[in-house]
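Read through the structure below, which is laid out as structure tokens, and then see the notes.
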Amino acid sequence: MRTAEKIKEILDEEGNNVNFEILSNPEFLAEGTAIQNLFKSDRVLIGGDSTKSGEIAVQALVDIYANWIPREKILTMNVWSSELAKLASNAMLSQRISSINSLSALCEKTGANIDELSKAIGMDHRIGPHFLKVSSGFGGSCFQKDILNLVYLCKYYRLDEAAEYWHQVVKINDYQKNRFAQKIIKELGGALNNKRIALLGWAFKANTNDSRESAAIYVAKKLLDAGAYIQIYDPMVIESRIYSDLSSLFDKEIKIDTIKYCSSLKDANNNVDGIAILTDWDEFIEFDWKDFINKSNSEIRIFDGRNILEEQLKDYRHYYKL
Ligand SMILES: NC(=O)c1ccc[n+]([C@@H]2O[C@H](COP(=O)([O-])OP(=O)(O)OC[C@H]3O[C@@H](n4cnc5c(N)ncnc54)[C@H](O)[C@@H]3O)[C@@H](O)[C@H]2O)c1
């Protein structure tokens, strides 16, 4: 926050009288699509001082981007606008997710379908269809950190109402993670002692092995606290990462004998009472769930934290979507 200002202060004091210009050029690269985002950026922000030397520095960076980004998509502005725009963009994206997730709770209570709602809302061209997919909560290294940064800034400037507004986005995200876990616990009969649950997906989104702030970690903790035995599978996240994520949530060492890392979907689904989908991996969508259910002895409950199996499982009595 105000990084450019701080760096300028340091260089002014310790820069051996060399003339520096500080520019802000936030990146908008999402994991898994970084190269695509770089080459086909929606926009590039370049913030700099409006002094003569500042304008020259800004122009030098504009000229580099202009090699592949259309000029009208390169926005120049003051340094702080550029820094704040990065925070605000992530806050707006996560606000959309929390909005749709909060509506999913209302849909569940009243019998509406959240996917139908998302589609209907997103077709309004003033709103648009992006970031309206319901889930058990957003994750990743950026969203929560950036919103909390914004909350801190608002509080610092005594804008308490604005701070509270943005804080609610994070609170709804926590609410949604908890709501999903509670639904699993309730449908499996309350206490989960002697219950085995497959947890499918550990990454915060598909096509990455990153699990930072992943909803899966919080849901796993709730299930373990309720006494469950969990079998975890993710196509890309490695075993040691899963254990270290869990250890960081528990104050004490986690009991390894209540968790099993599985190296395949088949392994994870073996001999379970319930299955919870946490990440929207293609492998889970493409799996033949009907065949799996037909071959299973018991009536396994399937909890879809991404609403990706509805087409296959809408007629299955024990299918629970968001
Ligand atoms: N990841 C980085 O290293 C990084 C670095 C700098 C800036 N950023 C900025 O942060 C933003 C977030 O990046 P990210 O890598 O966390 O990925 P992302 O924006 O794709 O995903 C963040 C979260 O949003 C959810 N999500 C994605 N699409 C959704 C949809 N249509 N509906 C509902 N939820 C959806 C994901 O499941 C995930 O939990 C980027 O857009 C980028 O501007 C990211």
Problem - Hits in region 108-166 - residues which are more than 23 Å from Lys86 (Cα to Cα) and in contact with a Ser or Thr (Cβ under 6 Å, 6 or more places away or on another chain) - result: Ile114, Val134
Handout entry: Pair list, Cβ under 6 Å, 6 or more apart: region 1-20 residue among the small types (Gly, Ala, Ser), other residue open to solvent by 80 Å² or more (accessible area, probe 1.4 Å)
Key = none
Practice task
Within region 179-198, count every residue that is closer than 16 Å to Val272 by Cα and within 16 Å of the ligand (Cβ to nearest atom).
Solution key: 0
Completion exercise
Counting only residues in region 124-145 that are of a type in the set (Ser, Thr, Tyr) and closer than 15 Å to Ser98 by Cα, the one farthest from the ligand (Cβ to nearest atom) is identified as Ser136
Practice task
With a cut-off of at least 3 residues that are within 17 Å of the chain's Cα centre (by Cα), name the helices (runs of 4 or more DSSP H) lying wholly within region 158-276.
Solution key: 160-187, 215-225
Problem - Flag if Ile97 is under 19 Å from Ala30 (Cα atoms) and either modelled with pLDDT under 95 or open to solvent by less than 70 Å² (accessible area, probe 1.4 Å) (or both) - result: yes
Handout entry: Ser81 vs. criteria of a type in the set (Ser, Thr, Tyr) and more than 26 Å from Leu200 (Cα to Cα)
Key = yes
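Would you be able to say whether some residue in region 275-283 is farther than 24 Å from Ile242 by Cα, at pLDDT 95 or above and crowded, with 17+ Cβ neighbours inside 10 Å?
Going residue by residue through region 275-283, those that are farther than 24 Å from Ile242 by Cα are none.
No: zero hits.
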Problem - Filter result (more than 16 Å from the ligand (Cβ to nearest atom) and among the hydroxyl-bearing types (Ser, Thr, Tyr)) within region 207-262 - result: Tyr229, Tyr233, Ser240, Tyr243, Ser244, Ser247, Ser248, Thr258, Tyr261
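This table checks each residue for (1) modelled with pLDDT of 95 or more; (2) assigned to a helix (DSSP H, G or I); (3) over 26 Å from the mean Cα position of the chain (by Cα).
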site	(1), (2), (3)
Leu61	yes, yes, yes
Ile69	yes, no, yes
Leu75	yes, no, yes
His125	yes, no, no
Leu153	yes, yes, no
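Let's see how each residue does on (1) away from the ligand (no atom under 12 Å from the Cβ); (2) in contact (Cβ under 8 Å) with a residue 24 or more places away in the chain; (3) not aromatic (Phe, Trp, Tyr):
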residue	(1), (2), (3)
Lys109	yes, no, yes
Ile114	no, yes, yes
Gly122	no, no, yes
Ile147	no, yes, yes
Leu153	yes, yes, yes
Exercise for the section: Find the residue count for region 7-48, including only residues that are over 33 Å from the mean Cα position of the chain (by Cα), of a type outside the set (Asp, Glu) and either at pLDDT 90 or above or not in a helix (DSSP H, G or I) (or both). Expected result: 6
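The values are calculated or read from the model by the stated rules, or taken from the named source; none is laboratory data. Remember, predicted model here, so these are calculated numbers, not experimental data. No Cβ is skipped: glycine too gets one built from the backbone with ideal geometry, and neighbour counts run over all protein chains shown. We work out accessible area using only protein heavy atoms, side chains counted, and drop any ligands, DNA or RNA first. Shrake-Rupley method; radii C 1.70, N 1.55, O 1.52, S 1.80 Å.
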